[in-house]
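Participant: I'd like to ask you about the structure that follows.
The values are calculated or read from the model by the stated rules, or taken from the named source; none is laboratory data. What you are looking at is a predicted structure, and each value in this text was computed from that prediction instead of being measured. No Cβ is skipped: glycine too gets one built from the backbone with ideal geometry, and neighbour counts run over all protein chains shown.
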Amino acid sequence: MKIISVNVGVPQEVTFQGKEISTSIFKSPVDGSVMVRKLNLDGDKQADLRVHGGVAKAVYAYPQQHYAGWKQDFPQHEFPTAVFGENLTIDGLDETTVHIGDRFQAGECELQATQPRFPCFKLGIRFGDPTMIRHFLRRNQPGVYFSVVKEGLVQVEDSLTLLKKSDSQLTITDIVRLYTIDKDDKAGIEAAANDPYLPEDWRKYFAKKLK
């Protein structure tokens, strides 16, 4: 796997449905090395910390290979790099094989997979099309959120290398499946509720579903 683009952005005000909204969905590729820290990348900042950012969502990565399908299915939209708000655009990243808790080396830093991305309405703002949120969920190509185990520099052409496979039963796409489709998969939901690598808010959600 290889980093194709490193992307950052800061909050900006946009008008949406007659209201002023602060969003960091608009990110742009940057040149050179960028420091990855515990809460974000240098030059990057989340707009609404209630639902974005934090230790478990410090870095968002999206597979570069997904872009081709999006462009084919939605020719009415433009798909520049980082259009999904990702910090790292990575060739070869596969959410169906990345397990919750897997650890990776990216440049000088070490990352741990924590959860899929579930977009809020701001993805619709980015495309000027609210239906893109629904399409994003249906495709089950969520990208991967990472926590930062070790801070360090990353840059384009750095490899993303698996360091340690976790013993979690669940992949990134399994979490999307359990949340959106297989809501009666008791074994899967129980596994998620008890997965030590899954962030606490997700474990609580699935524990409640068991009841």
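Participant: Quick check on segment 190-197. Is at least one of its residues out of contact with any helix residue (DSSP H, G or I) (no Cβ under 9 Å at 6 or more places or on another chain), in contact (Cβ under 8 Å) with a residue 40 or more places away in the chain and surrounded by fewer than 14 Cβ atoms within 10 Å (Cβ to Cβ)?
Facilitator: no
Participant: Which of the numbered conditions does Asn140 fail, given that it passes all the others? Conditions: (1) surrounded by fewer than 23 Cβ atoms within 10 Å (Cβ to Cβ); (2) among the polar types (S, T, N, Q); (3) within 30 Å of Val14 (Cα to Cα); (4) in contact with a strand residue (DSSP E or B) (Cβ under 7 Å, 6 or more places away or on another chain).
Facilitator: Status for Asn140: all satisfied but (4).
Participant: Quick one: in segment 11-29, which of the residues that are closer than 14 Å to Val83 by Cα and not hydroxyl-bearing (Ser, Thr, Tyr) is surrounded by the most Cβ atoms within 10 Å (Cβ to Cβ)?
Facilitator: Lys27
Participant: Moving on. Looking at segment 168-189 only, could you name the residues that are touching a residue at least 12 places away in the same chain (Cβ under 8 Å) and assigned to a loop (DSSP other than H, G, I, E, B)?
Facilitator: Passing the criteria: Ser168, Gln169, Leu170, Lys183.
Participant: Kindly provide the set of residues from segment 76-133 that are of a type in the set (Ser, Thr, Tyr) and surrounded by fewer than 22 Cβ atoms within 10 Å (Cβ to Cβ), ordered by number.
Facilitator: Once the filter is applied, which keeps residues that are of a type in the set (Ser, Thr, Tyr) and surrounded by fewer than 22 Cβ atoms within 10 Å (Cβ to Cβ), segment 76-133 yields Thr81, Thr96, Thr97, Thr131.
Participant: Being hydrophobic (A, V, I, L, M, F, W, C) and either touching a Ser or Thr at 6+ places or on another chain (Cβ under 6 Å) or not in a strand (DSSP E or B) (or both) is the filter here, so list the residues in segment 116-151 that pass it.
Facilitator: Matches in segment 116-151: Phe118, Cys120, Phe121, Leu123, Ile125, Phe127, Met132, Ile133, Phe136, Leu137.
Participant: In segment 64-72, is there at least one residue being charged (D, E, K, R), farther than 27 Å from Ser33 by Cα and either in a strand (DSSP E or B) or modelled with pLDDT of 95 or more (or both)?
Facilitator: yes
Participant: Does any residue of segment 100-115 turn out to be in contact with a Pro (Cβ under 9 Å, 6 or more places away or on another chain), within 20 Å of Ser5 (Cβ to Cβ), modelled with pLDDT of 95 or more and not in a strand (DSSP E or B)?
Facilitator: Looking through segment 100-115, none of the residues is in contact with a Pro (Cβ under 9 Å, 6 or more places away or on another chain), within 20 Å of Ser5 (Cβ to Cβ), modelled with pLDDT of 95 or more and not in a strand (DSSP E or B).
Participant: Among the residues in segment 40-62, are any surrounded by 18 or more Cβ atoms within 10 Å (Cβ to Cβ), more than 15 Å from the chain's Cα centre (by Cα) and within 16 Å of Arg139 (Cα to Cα)?
Facilitator: Within segment 40-62, none of the residues are surrounded by 18 or more Cβ atoms within 10 Å (Cβ to Cβ), more than 15 Å from the chain's Cα centre (by Cα) and within 16 Å of Arg139 (Cα to Cα).
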